[in-house]
Amino acid sequence: MKFISLLLVLCLTHEGPRKKIVTFSTETNLREWRIVNDGVMGGVSSSTIRLSPEGHGVFSGQVSLAYNGGFASVQWDTAQSLTPDQTHLVLRVKGDGKRYEFRLKSTRNQTESFVQPFLTNGQWQEIRLPLKDFYPQFRGRMLAMPNFNFDRIAQISFLIANKQEEDFTLLIDWIALE
């Protein structure tokens, strides 16, 4: 009976297989990642993506509110098909206690992004983000249209925009579908 109970608990808590779509290492080609900061609208925030000695992605910089600025982001284009059983994105990150956004697009030329914020705590975290909870946004404003419901991901990005001037550092180990 104990065995059946244990088996039932394991089955009910199983999160499904993970498919890593990004894994940082000392071999990662950072030229595939693109920095997009508020300079596209006149701001002066700055950020970079680099590799730590351990091979983690390090997205860091300084957000400035000068000249109507206030955000920094890093983007990566992909051609990731989704299956019906893939319901979550999982991030393994180590932040600085700040709030970030993880963003998706289903096509590269899509004007809106599908957004889900997450909070870091200064430790390594696995953050599970349900795909159905990514909401549409354009230039910081929520849009009156359905949440993410596509069968592919064409772009992912990390963004920081907390409406304050701040330095930031986000280490990224991997990103997976589950």
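The figures follow:
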{"quantity": "Simple Cβ-charge dipole of region 16-177, Lys/Arg +1 and Asp/Glu -1, about Cα centre, in debye nearest 20", "calculated": "300"}
{"quantity": "Table column - 3J(HN,Hα) (Hz), region 67-81, Karplus curve with 6.51, -1.76, 1.60, x for Gly and Pro", "calculated": "6, 6, x, x, 8, 9, 8, 9, 10, 9, 7, 9, 9, 9, 7"}
{"quantity": "Förster radius 30 Å - calculated FRET efficiency between Ile21 and Glu54, Cβ distance, rounded to 0.05", "calculated": "0.90"}
{"quantity": "Distance between region 130-150 and region 24-98 - C-alpha centres, whole angstrom", "calculated": "19"}
{"quantity": "Placed amide H near Asp96: partners under 5 Å, 5+ positions off or other chain", "calculated": "Gly122, Thr169"}
{"quantity": "Cα-based convex hull, the chain, per residue volume (Å³, whole number)", "calculated": "139"}
{"quantity": "Förster radius 22 Å - calculated FRET efficiency between Gln125 and Phe150, Cβ distance, rounded to 0.05", "calculated": "0.25"}
{"quantity": "Cβ-based charge dipole, region 16-177, positive-most Cα from Asn68, Thr78, Phe148", "calculated": "Phe148"}
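Any read-out appearing in this document is the output of simple, stated calculations on the displayed coordinates, not a laboratory observation. Since the model is a prediction, treat every value here as computed from it, not as a measurement. FYI the Cβ positions are ideal-geometry reconstructions off the backbone, even for glycines, and counts take in every protein chain you see.
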